[in-house]
Amino acid sequence: MLACLLWVPWAHALEFQYTHPFADGALAGVARGLTISGELQPGDTAKLVQWMRRKPADAWHGLGRVALSITGGDHTEALLLAETLASLYPFMVASADCVGPCAIVWLSGAWRLLPQGRIGLQKPVATVSANSKASPGDAPPAYDPFPARLRNYLSRQGLPSPLHERLLSERDDPVYWLSEQDINATGTWPPYYYEKLHAKCPRLAATEESFHALRRCAARLVISQKAFAFDKLLAGVNDPWWNENKDLFFNAPR
């Protein structure tokens, strides 16, 4: 038995780390990015929220570039984390293969980039067993709300319907890797964000100047929406930086 246990790879617990602090000026030492790495387990979303509440300035600016290295874990917790992050309009980057729970979280981004690697959809494990004790005798199996909740989330984030139906269907392949065509159909931005960008920001051209101009416009565009969600996340926190800046953020042009 001990020999068998020695062969089991130990899960790398989920870790959060701020990256690339501002070197000087008013934001000296404040984070410019956030890395989320390891295996996602129940309770990790609450841990991240508490972690962000400790340093609101780092959390606000860190959402400007969230690097994902999630190696697997719980799909229900991944959806909870994704729903929490989506309202904060993060800039999501996956630089290696991003599968299952990682893919769910990657899709939460207001911007979603994949400079390297692939996005893999993985059928979630049922959260309610067909043989649940909540269904005695000949009663129908207990209702599992997770598939419908996941489907609604994926649709809102712009994953084409055939892809999320494939994700939730019975099939032999454990992972469906999104093709380049699938990634293009899903889009860099979710539909609700693209509509705002299309109406108020310059078009994206094949130049670095165009890319940064669009990013600056995009950052201004969502400040107020992000601020209201961020203020809810900070409920009960008396932070001087947030108290000084939140009214400015709330009143940013929509």
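The values are calculated or read from the model by the stated rules, or taken from the named source; none is laboratory data. Just so we're clear, the structure is a prediction, and the values are computed from it rather than from any experiment. Note that each Cβ is placed from the backbone with ideal geometry, even for glycine, and that neighbours are counted across all protein chains shown.
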- Item | Filter result for the condition that a residue is over 19 Å from the mean Cα position of the chain (by Cα) and either of a type in the set (A, V, I, L, M) or at pLDDT 90 or above (or both), over E180, E165, E170 | E180
- Where residues in the range 17-34 are outside any strand (DSSP E or B), touching a Pro at 6+ places or on another chain (Cβ under 8 Å) and among the aliphatic types (A, V, I, L, M), which of them is farthest from N245 (Cα to Cα)? A31
- Task: Search the range 18-74 for residues being of a type in the set (D, E) and closer than 24 Å to V99 by Cβ, and hand back the single one that is surrounded by the most Cβ atoms within 10 Å (Cβ to Cβ).
- Result: D44
- Please verify whether the range 199-210 includes one or more residues that are touching a residue at least 12 places away in the same chain (Cβ under 8 Å), more than 22 Å from P160 (Cα to Cα) and part of a loop (DSSP other than H, G, I, E, B). yes
- Message: So, G109, is that one within 30 Å of L163 (Cβ to Cβ), in a loop (DSSP other than H, G, I, E, B), touching a Pro at 6+ places or on another chain (Cβ under 6 Å) and in contact (Cβ under 8 Å) with a residue 24 or more places away in the chain or not?
- Response: yes
- Query: Which members of the range 225-251 meet the condition of being surrounded by 15 or more Cβ atoms within 10 Å (Cβ to Cβ) and either touching a helix residue (DSSP H, G or I) at 6+ places or on another chain (Cβ under 7 Å) or of a type in the set (V, I, T) (or both)?
  - Reply: A227, F230, D231, L233, L234, D239, W242, K246, F249
- Query: Looking only at the range 194-224, which residues are out of contact with any helix residue (DSSP H, G or I) (no Cβ under 8 Å at 6 or more places or on another chain) and of a type outside the set (D, E, K, R)?
  - Reply: Y194, H198, A199, A205, A206, T207, S210, F211, H212, A213, A219
- Query: Can you pull out the residues in the range 48-71 that are in a helix (DSSP H, G or I), of a type in the set (K, R) and in contact (Cβ under 8 Å) with a residue 12 or more places away in the chain?
  - Reply: R53
- Query: Quick check: anything in the range 147-161 more than 27 Å from W189 (Cα to Cα) and at pLDDT 70 or above?
  - Reply: no
- Kindly provide the set of residues from the range 212-227 that are assigned to a helix (DSSP H, G or I), under 17 Å from P90 (Cα atoms) and not charged (D, E, K, R), ordered by number. H212, L214, C217, A218, A219, L221, I223, S224, Q225, A227
- Answer yes or no as to whether A219 is in contact (Cβ under 8 Å) with a residue 24 or more places away in the chain, surrounded by 11 or more Cβ atoms within 10 Å (Cβ to Cβ) and farther than 24 Å from A46 by Cβ. yes
- Inspect the range 195-212 for any residue being among the charged types (D, E, K, R) and over 29 Å from L154 (Cβ atoms) and give the result as yes or no. yes
- Task: Output the number of residues of the range 183-215 satisfying the condition of being surrounded by 16 or more Cβ atoms within 10 Å (Cβ to Cβ) and at pLDDT 90 or above.
- Result: 5
